[in-house]
Every structure is written in structure tokens, then in C-alpha cells.
Amino acid sequence: MKKLLSGICFVLLVTTNVLAEGVNTVQVDVLAKTSSSWDGSRLPDYPKGAPEITILRIKIPPGVRLAMHKHPVINAGVLLTGELTVITEDNKTLHLKAGESIVEVVNKWHYGKNEGNKTAEILIFYAGARGTPITIKKQ
């Protein structure tokens, strides 16, 4: 039993040392952790099938308004630069500034617009099933 405990202590010490490396230079900030989109709606269950992750960097110039669209898959992102306003078809509004995160609405019509004076750049992660579109434009 003593040998087992000393082995466990050794593993803990080694593991702690590995994890502690660079402890003064690494910082982790949770930007979002939720089961709801920004408008308070519950996120849908993940679909069955092979997963497909898509990561997009989208740049929206000042004064540009995106077309009305919806996402059939869960997606979330971080606004890297600029400002962005997101508006749902029922006029719920979210104003984002650089550094802020968004957990997007799913299967709800909405659009984004850049009302600022510099390009809004957003990095977005989509988690869906292979073959499912990530965006559908309203006709």
C-alpha cells in the first residue's frame, strides 16, 4: 500500500509540474458557456449523424447590412474588431463590441449590421452534422 501511495504521489507531482509550466504566461478566460442563445432561447439538441465543424472569419465593412438569414446549426463566435448589431425578425437586438462573444440564435430569422466606422471582424464556430447547411438566406 505504501508503494502504491508513493507512486500516486510521484504521478501527482510530475503531473502538477507539467501543468504548472508557464503558469505565469497562460490565461484562460471563459467567453461563453451556456445552453441558451443570446435571445434566451434554449439551444436545440445536437443532430444525429457525422459531426461537421466549420470555422469562419467574417469581415463586415462599415455601413453594411447582411441579408436576413437563419442558422440550422448551433454556432458561437467572438467579435475580434469593430462593432456589430444583430437583430431578429421580431426585433430583439444585440449590440456587440470587440472582444465580446455571441451564442447565435438557431432557426430564427435575423441579420447583422455594422453601424460602426471600422470593419467588424468576427470569428464563428458552427457545430452541425455533415451535409447540413450552416446558413439559409430568406428569399
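Nothing in this text is a laboratory measurement; each read-out follows from the coordinates by a stated rule. This is a predicted model, so every value here is computed, not measured. FYI the Cβ positions are ideal-geometry reconstructions off the backbone, even for glycines, and counts take in every protein chain you see.
A few notes on this one:
- Computed on the stretch 51-137, with alpha-carbon pairs under 8 angstrom and 6+ residues apart, the relative contact order is 48 percent.
- Taking the fewest neighbouring Cβ atoms within 10 Å as the starting point, the ordered list for Thr88, Thr25, Thr119 is Thr25, Thr119, Thr88.
- Karplus-derived HN-Hα couplings along the stretch 73-88 (A = 6.51, B = -1.76, C = 1.60, θ = phi - 60°), whole Hz, x at Gly and Pro: 10, 5, 8, 8, x, 10, 7, 7, 9, x, 9, 8, 10, 10, 10, 7
- Dimensionless Rg over Rh [the stretch 51-137; C-alpha; Kirkwood]: 0.95
- Lysines whose Cα lies under 28 Å from that of Lys48, excluding same-chain neighbours fewer than 8 positions away: Lys33, Lys70, Lys108, Lys137, Lys138
- Unit charges at the beta carbon, dipole of the stretch 25-88: most positive-side option, Leu56, Ser41, Thr25: Leu56
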